[in-house]
Amino acid sequence: PRAPAGMGAVPEPCPQAPLAVLSKVELRVSCKHLLDRDTLNKSDPCVLLLMQSQGQWMEVDRSEVIKSNLNPVFAKIFTVDYYFEEVQKLRFEVYDSHGHTGVGTHDDDFLGGMECTVGQIVAQKRVTKPLFLKYGKFAGKSTITIISEEISGNNGYVELAFRAKKLDDKDLFSKSDPFLEIYRIDDDRSEQLVYRTEVVKNNLSPVWEPFKVSLNSLCSCEEKRKLRGVVWDYDSRGKHDFIGEFFTTFEEMQKAMGENKVQWDCMNPKYKIKKRNYKNSGVVVLLDLKIHRVYSFLDYIMGGCQIHFTVAIDFTASNGDPRNSCSLHYINPYQPNEYLKALVAVGEICQDYDSDKKFSALGFGARIPPKYEVSHDFAINFNPDNDECEGKSISSGVGSMARMSLLTPHTPSGIQGVVESYQSCLPKIQLYGPTNVAPIITKVARVAADEERTKEASQYFILLILTDGVVTDMADTREAIVRASYLPMSIIIVGVGNADFTDMQILDGDDGVLRSPKGEPVLRDIVQFVPFREFKNVSGAA
């Protein structure tokens, strides 16, 4: 049986920063001399990270709960975007957690808070400040320490699987309850906690769950950097018993790739001095090591990769009857609608990286011929075997559309083909619903996954979703995005019309890491959400 024991959630791998971000920063948190709110045991602290946005404090993330500990070192690593030109206000709040009821927000549960800016932490690298209760009152001698580290360009992560054998038994009436901590030893000889495993109860030969950490967190992307592993016997009152330790490097760990295993003697230095025949306090084995390289958009393009561009168009009934001039799908012979404007704006950028200039075009939320059943991933050219649209030359005829400034002689045939297919598709379908986008994300991701398996990285997939409202299948969409974040794929969602798109910002991930319904974070931030109304009257370059 396994006990959570307040052990850490998986530190997230380094996502690739957008170009506008100066860099991403990892924050590690520890506290000392926390107030003791519990009668029988010590407090069970948890840290909440809040960021100020438009004058409001918004929770960005939270740490694990550490049981019965007034001097906690949290395994959770917070990742924040760092904008040099902005004052980014942060607030750290420490609470005493109460088991299954989670983190309380009552005054009695509040152990103290501290405010600072990202810039202050980055400039000082290590910030220690007192914790304050409400109304500026000191929380006793409580302090919080934040250590910052810029994420380097090496955006890979490693998956590790450890076990131990024949550990020393520290318990009188049962066997030890071991857990493992991995520390990185920095140049100043200080130690940074990289990961803390779960507790395996009553077992001297535990097998811990595999876990993922970024190469940056594990070894600062330096293979020869020294690492320290420590095995403890868990104690519910926070007084864990030291079983033993070992030292290694990531270079040495890599011998565990494939069928090989690496093992270390788990040593207790005191026993080594006192006991003449002391050999070890058990053995720690690295069963498996997998290195995952996560490549950025620019990595793909500079490697000669082609862009495969897919547009997905919302044909739900909320757009209005296309024959009515109030409809978002109304075809005005002199003025392109917002769907067409957004399509051309994005498509003209993508065309430079797509040699065949053929764009796939899908629709969702409509009843389609011949049976008029609802479909959420149909080809708008009604050719399920080839959803790529080819346009005729502009001079020979887009009809009235050629009179628009929208399409020019330089407009690629792919965009032109999508426009033509869109126009001819509208009279043949019935706008319906609901607004489900997960099927289309999954469809494009399936093609991207096939590409990934070739190991050639010859195509990068961009999915442009044009929609007039908040998606109905939000849980499935989040799950699909998390799965897609492991693939050579990016998603642009453009909100068309005047709906309230507040809920769609969740998918963007700019206000915190997007997670699946089960809590799994995206590997990379692959979604950009844009309300078109904020840009429709600006210049083309913008």
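The values are calculated or read from the model by the stated rules, or taken from the named source; none is laboratory data. The structure displayed is predicted, hence computed values, not measured ones. Cβ atoms come from the backbone with ideal geometry, glycine included; neighbour counts cover every protein chain shown. Areas reflect the complete protein model, heavy atoms only, side chains present, ligands, DNA and RNA absent. Shrake-Rupley method; radii C 1.70, N 1.55, O 1.52, S 1.80 Å.
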For this session: Could you size up the charge dipole of the range 157-292 around its Cα centre, putting +1 on the beta carbon of Lys and Arg and -1 on that of Asp and Glu, and report it in debye to the nearest 20?
Result: 580
Problem set entry | Note, ³J(HN,Hα) from phi for the range 32-47, Karplus 6.51, -1.76, 1.60, rounded to Hz, x at Gly and Pro | 9, 6, 5, 5, 9, 8, 8, 6, 8, 10, 7, 4, 10, x, 9, 10
Problem set entry | Sulfur and carbon atoms: percent of accessible area, the range 157-292 [1.4 Å] | 47
For this session: Determine, for each peptide in 273-286, 486-499, the mean count of other beta carbons within 10 angstrom over its residues, then list the peptides with the highest first.
Result: 486-499, 273-286
Exercise. Under a Cβ-Cβ cut-off of 14 Å, what is the net charge of the residues other than GLU115 that fall near it, where Lys and Arg count +1 and Asp and Glu count -1?
Worked result: +3
Seminar exercise, completed: With R₀ set to 56 angstrom, the calculated FRET efficiency between the beta-carbons of LYS201 and VAL470, to the nearest 0.05, is 0.80
Problem set entry | For peptides 24-31, 430-437, sequence by mean Cβ density within 10 Å, most packed first | 24-31, 430-437
Exercise. Which entries in the list LYS212/LYS272; LYS76/LYS226; LYS32/LYS170; LYS224/LYS270; LYS290/LYS518 go over 31 Å, if you measure between the two C-alpha atoms of each?
Worked result: LYS212/LYS272
